[in-house]
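Enquirer: One structure, as structure tokens, below. Some questions next.
No lab work stands behind these numbers, since they all come straight from the coordinates. Because the structure is predicted, anything quoted here is derived from the model rather than measured. Methodologically, a virtual Cβ is constructed for each residue, glycine included, from the backbone with ideal geometry; neighbour enumeration extends over all protein chains shown.
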Amino acid sequence: MSAQLDMLPRYRCMTGADLDAVVAIEETIYPHPWTRGNFSDSLAAGYHCWIAECGGEMAGYAVVAIAAGEAHLLNLSVAGPWQRRGIGRELLNFVLRLARESGAARILLEVRPTNSAARALYAAAGFAEIATRRSYYPADASREDAIVLELELEKRDS
């Protein structure tokens, strides 16, 4: 049973000391990763930056801006060895609870049309497509559109 408990994510706030490991994961899993500056700026801006740890390892992370009754999921990533093990779903559920508890009525995010795993995760969570941002993401030869997704957050009694 304790081995199983080690596989459940534990969450903690991201700090500057985490940035080397976060950027290393980012550069491994994305062809156009966020930079150290993107994460550093997010920390400095006071965004909700969280680390998910499993079995003592950094399994993933999320960056969320929450203000004026709205949350914007800026980055949700799972380290390669932890992918397809339910960590993304757990991390997303954590972010949704965080947003709800912080007073957000809805959460928005952008996703690449080519990121089928992320699109499936968000669809399963109930996100709906509301717009397309043209030429939003860098791509190898040009730019890639972003699909904008939204989820209305229900108020839940805790």
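Enquirer: I need the full set of residues from segment 117-151 which are within 14 Å of residue 31 (Cβ to Cβ) and not small (Gly, Ala, Ser), in order please.
Expert: Matches in segment 117-151: 137, 138, 140, 143, 144.
Enquirer: Something else: Could you check segment 120-158 and list, in sequence order, the residues that are surrounded by 12 or more Cβ atoms within 10 Å (Cβ to Cβ), within 17 Å of the chain's Cα centre (by Cα) and more than 21 Å from residue 65 (Cβ to Cβ)?
Expert: 123
Enquirer: Shifting gears a bit: Of these, 76, 43, which one is in contact with a helix residue (DSSP H, G or I) (Cβ under 8 Å, 6 or more places away or on another chain) and either free of Cβ contacts under 8 Å to residues at least 24 places away in the same chain or closer than 25 Å to residue 119 by Cβ (or both)? Don't jump to the end; show me each part of the working.
Expert: On the way: 43 fails: either free of Cβ contacts under 8 Å to residues at least 24 places away in the same chain or closer than 25 Å to residue 119 by Cβ (or both).
After ruling out the rest, the residue left standing is 76.
Enquirer: Just to verify a result, which residue in segment 59-71, among those that are surrounded by fewer than 23 Cβ atoms within 10 Å (Cβ to Cβ) and touching a Phe, Trp or Tyr at 6+ places or on another chain (Cβ under 9 Å), is nearest to residue 17 (Cα to Cα)?
Expert: Looking at residues that are surrounded by fewer than 23 Cβ atoms within 10 Å (Cβ to Cβ) and touching a Phe, Trp or Tyr at 6+ places or on another chain (Cβ under 9 Å), I get 65.
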